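Just so it is clear, none of the values below were taken in a lab; they were calculated from the coordinates. Treat the numbers as computed from the prediction; the structure is a model and nothing was measured. All Cβ positions, glycine included, derive from the backbone under ideal geometry; neighbour counts span all protein chains shown.
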Amino acid sequence: MTNEEENIETKGDDVRAAGDIQDVGMLDLRYAKVAEDLARIHSIKDVGLVLVPEHLAGVLAGVSMTDVGAVVPIPQEGKVNCLTGQVRLSAEMLESGDPDTILVIAGQAFIHGEMKGVGYKEIRVFGQLFAPRSAEAAISAKLTQLSGQNFFLPSDARTFMGEESIGKEFLELLDGPTALVVMGSLTIGAEVTRELLKEKISEIVLMGTLKAQPALIPLLQVITKEKMGTITAEE
């Protein structure tokens, strides 16, 4: 390994980086205080997430970067709670947040439970935030920065991630009208009728791909109240 290759030295909670950095899930540069602390970084490649002090984001912008998922500026003044990756948070956790602390979410955050308010000073999201619709007002009041998407979902929805299929038997076993959240690829079986689909599925929030027989497409378009994906006819 030459001096131009990746060189990451971990000291406590700090990650000291130099050279050409690549193939790292998360690069944590929060140790840096001044521009000189980042001067040894030549390039960043194939890195999912880079955390950098807010006041040095401009300095990092001068570094060659290829296939970097996201660069997240972290405030250095005051207290910060930084959550990365895929996390599940309760409404109680957000309600009891420190009013002097900024909550930074970098990745995917799933919030569950009924919420009356948010205790944190502010919320900054870099990625995706999923929360019940009943929490929209409370979260929006504290959301000061959003780079990505936030989704406010129906209560008690069934969530499909990855690749999945459902058929007549699945729908018949549902107790009553149910909302679906599709984040991956969901195929509805050919044996499912319009009447059964209309009876059992109250709403769809689509962030992926929904596949069904051509006869079901118009109904799916009607009950898909939030659509950030595609509805495709299965031949």
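Take every Cα pair under 8 Å in segment 78-154 that's 6+ residues apart, average their separations, divide by the length, and report that relative contact order as a whole percent.
27
Could you tell me the extents of segment 60-201's C-alpha atoms along the three principal axes, largest first, rounded to whole Å?
58, 41, 17
Write out the GluC sites (Glu not before Pro) in segment 97-191 meeting two conditions: DSSP loop, and at most 14 other Cβ atoms within 10 Å of their Cβ.
Glu114, Glu191
Note down the nm distance, to one decimal, between modelled labels 7 Å out along Cα→Cβ at Thr209 and at Ala35.
That separation, rounded to one decimal, is 4.7 nm.
Could you tally the net charge around Gln128, taking each other residue with its Cβ under 14 Å from the Cβ of Gln128, Lys/Arg +1 and Asp/Glu -1?
Taking every Cβ under 14 Å from that of Gln128, the sum is +1.
Could you tell me the number of lysine pairs in the chain with C-alpha atoms less than 20 Å from each other, where the two lysines are 8 or more residues apart or belong to different chains?
Lysine pairs, 8 or more places apart or on different chains, close enough: 17.
About its Cα centre, what dipole magnitude does the chain give when the only charges are +1 on Lys and Arg Cβ and -1 on Asp and Glu Cβ, stated in debye to the nearest 20?
Charge dipole of the chain: 640 debye, to the nearest 20.
Skipping prolines and chain starts, which residues have an amide H placed within reach, meaning under 5 Å, of the one on Gly119, given they are 5 or more residues away or on another chain?
Glu95, Ser96, Gly97
Normalising by the residue count of segment 149-235, find the relative contact order in percent from Cα pairs under 8 Å and 6+ residues apart.
Averaging sequence separation for qualifying contacts and normalising by length gives 26 percent for segment 149-235.
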